[in-house]
Amino acid sequence: MAKIVGLDLGGNSINVTAYDGKRFLIEEMAELPSLVTQGPKTCISQLSAGFQKALDLTGWDASEIDAVGLDTPGPISADGVLCSKGATNFSGEGYWNFDLRGALSKALGLPVSFLNDGNAAALYAHWRQFGDDPSKTSVSLIVGTGLGGGVVAKGQVLVGRVGFAAELGHVTLPGDWYPNGTIPARCNCGKNSDLESIASLTGIELNLLPYFFPKYPDHPLLSVPIKDAAKKVRGFAEKGDEMCRAIFRAQAWALGAHIDQMINVFDPDAVFIGGGVIEASEELRKWYLAAIRESIPFRDEQSDLLIEIVPDGDKAGARGVAVFANQAFP
């Protein structure tokens, strides 16, 4: 029986799990503040505290642990080294080229595996649906502040040469993705009309609200600062607001166009949708998934493609890296 601790490091919190090779031993959301803005030393200290929290919740001893799985947002190398100018949530100079995985391994005295957070959620969704079946392939799209992704084939997540595989948010959309005209869209990465520029919270703020506001000049969100307005769109959409449903419908068109590309590259057995976009009412989730499916120009042979939500919400990242650590250190 394995004893693995999974740590999902985000901008605000660290989610913790424990895995014995077959099941997860922490059912509830177990979190603590990440304090990443206070620099690498504090961040590693908080990760170590998260590791101890997992021990406290399971009764395991540190000497019994086989490995630790760690994930963070990117861009970050496959070895867990932050980029030369930092990364999402890790912008201070102290994080530039910082070996996050290596520092945690040294602090804990244990082997640590690493994935970016999109890949981790993708691996967990695939594992829940297909287990270790080597014949299955899946694509995951994690729609949050940005858009992460993951591709899993033969039970293994695709990491890539330097760790940037499945940065699906930065794949350019086809020119005809939106059937009702053209939505000018720029991404914080510098590209125009990539998937993240539409299907993300940032895309709502930078591009979708500015596009739809002139069409709804009396909308109450016009009086709200646009960053705050973007965060309120989901709540309005849950109540059936026409403009906010149109915003989510535009995202569904973009996701459908992208999934069509993924079908023609990977011919997957399943597509999983995760992130804050699906942390909504059951009615809005079902409507959103149906809108995505309606947007995909399926061939008849592909029309039964499984499109599901990533299970277990915010716990998926920590659980995914725990599964990955068990694969990396069998």
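What fraction, in whole percent, of alpha-carbon pairs in region 246-330 exceed 22 Å separation? It works out to 36 percent of all Cα pairs. Listed by chain and number, the aspartates and glutamates whose C-alpha is less than 16 Å from the C-alpha of residue 154, apart from same-chain residues fewer than 8 away, are 132, 133, 267, 269. Bridging of residue 106 to aspartates and glutamates at a Cα separation below 19 Å is possible for 8, 61, 64, 66, 71, 79, once same-chain residues fewer than 8 apart are set aside. Just the Cα atoms of region 237-283, one point each, no solvent: what log10 I(q)/I(0) does Debye give at q = 0.25, 0.26 Å⁻¹? Log10 of I(q)/I(0), two decimals: -0.99, -1.02. Between residue 135 and residue 218, the simple spin-label model (points 7 angstrom out along Cα→Cβ) gives 5.9 nm. Taking every protein chain into account, the accessible area of region 121-212 amounts to 41 square angstrom per residue (probe 1.4 Å). Ranked from largest, the principal axis spans of the Cα set of region 1-139 equal 42, 36, 24 Å. Solvent-accessible area of region 172-275 (1.4 angstrom probe, protein heavy atoms only): carbon and sulfur portion equals 50 percent. Our estimate of slack between residue 172 and residue 304, defined as 0.36 nm per intervening residue step minus the Cα-Cα distance, is 44.9 nm.
Computed from the C-beta positions of residue 228 and residue 189, the FRET efficiency with R₀ = 30 Å rounds to 0.80.
Relative intensity of region 86-231 on a log10 scale, I(q)/I(0) at q = 0.15 Å⁻¹, equals -0.93, per a Debye sum over C-alpha point scatterers of equal strength in the absence of solvent.
How big is D for region 188-330, in µm² s⁻¹ as a whole number, if Stokes-Einstein is applied with the Kirkwood radius of its Cα pairs at 4 °C and 1.567 mPa s? Reported coefficient: 78 µm²/s. Within the same chain, lysines fewer than 8 places from residue 315 are excluded, and of the rest, those with a Cα less than 20 Å from its Cα are 3, 22, 53. Remark: relative contact order (the chain) = 20 percent; criterion is Cα-Cα distance under 8 angstrom and separation of 6 or more residues.
The values are calculated or read from the model by the stated rules, or taken from the named source; none is laboratory data. A quick note: this is a predicted structure, and the numbers were derived from the prediction, not measured. All Cβ positions, even for glycine, are placed from backbone atoms using ideal geometry, and neighbour counts span all protein chains on display. The accessibility values were calculated without ligands, DNA or RNA, using every heavy atom of the protein model including side chains. Shrake-Rupley method; radii C 1.70, N 1.55, O 1.52, S 1.80 Å.
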